[in-house]
Structures are given as C-alpha cells and as structure tokens.
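Single-structure report; data block below.
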Amino acid sequence: MRYIEAGRSAELFNGFVRWLTRKGVSLWGAHLVAVRGRKSGEWRTNPVNPLTLDGERYLVAPRGHTQWVRNLRAAGGRGELRLGRKVKPFHAVELPDAAKPDVLRAYLKRWKFEVGVFFDGIDHTASDEELLRVAEGYPVFRIS
C-alpha cells in the first residue's frame, strides 16, 4: 500500500497551512479535513485541497494511504471540512480505481505545483492508461 510520510520540511509547511486554515485563510483553496481517529476517537486534522469537478467535490490523497485516509475509512466516510470557524460535515464515498483518471487529471492540473512531486513524473497530460496504472496508490473520495 503506497504511503509517503511527510518529511520535516513538509511537516513545517503543513503546520503553517494548518495554522492559516484554522484562522480562516485558505492558501490555493486549502481546507482542513477533520476525521475521528480510528483508535483514539479524537478529531484529527490535516490540510487538503478539495477539488470541484463537474459539480461534484472530491478529496485526493497525493501521499497515498495516509492516516487521514485510514481514519476516514474507519469512520464510515464521515468527516468535516474546516476553514476558520466554518465547519461543513460531509460523507465520503471512495472511488474505485477505474473512476479515478478524470479526477486525478483535474487535481494535477490544479495543484501540480504543490503535489506533483508525489506523482512520479505523471501530470495532467497523462493518458487514462497511465493514470489507471497508478490509481491504486492515490485514494480519491467523492464528498457530499
């Protein structure tokens, strides 16, 4: 299962984005995803870039099967998107790999400058076949 842990510089950057987002400032559309921990039951937060595509909203995990992804699965897809004092509860449904190429392509087109390093040379110009080949390593959730 693909999972890239955040290094020291990424932790510092995510801490800065988390702090700004808690204050209500969104960098490039960033929100905090809040999900109850699968062991502790306490709320855990992580910066994410929600994507809107064809009227649907999605969360993509560019680092793979991260802790927030595992917690979201364990919580039955229930979580919150937070920006400052605004809290929007959501229910997430994980997409099968076959449904991911268009979402991954749009996500990369929008945020390649920030997350492209996690896609091993794949960008928004990749073919459906290339995106399908790597889709298993990138969890994608439709949220409502």
**Q.** Within-14-Å neighbourhood charge of Leu131 [Cβ basis; K, R +1; D, E -1]
**A.** -3
**Q.** Least to most buried among Ser144, Ser26 (fewest other Cβ within 10 Å first)
**A.** Ser144, Ser26
**Q.** Footprinting exposure proxy for Val87, Val33 (fewest neighbouring C-beta atoms within 10 Å first)
**A.** Val87, Val33
(Q) Can you sort Leu32, Leu95 from fewest to most other Cβ atoms within 10 Å of each residue's own Cβ? (A) Leu95, Leu32
Q) Under 25 Å from the Cα of Lys39, which lysines turn up, not counting those fewer than eight places away in the same chain? A) Lys88
Q) So what is the calculated 222 nm ellipticity per residue for the chain, using -39500 (n - 2.57) for each DSSP H run with n of 4 or more, over all residues, to the nearest 500 deg cm²/dmol? A) -9500 deg cm²/dmol
Q. Which distance in Å, rounded to a whole number, links the C-alpha centroids of the stretch 16-30 and the stretch 53-68?
A. 17 Å
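Values in this text are rule-based calculations from the coordinates and carry no lab data. All values derive from a computational prediction rather than experimental measurement. Every residue, glycine among them, receives a Cβ derived from its backbone with ideal geometry; neighbour counts consider all protein chains shown.
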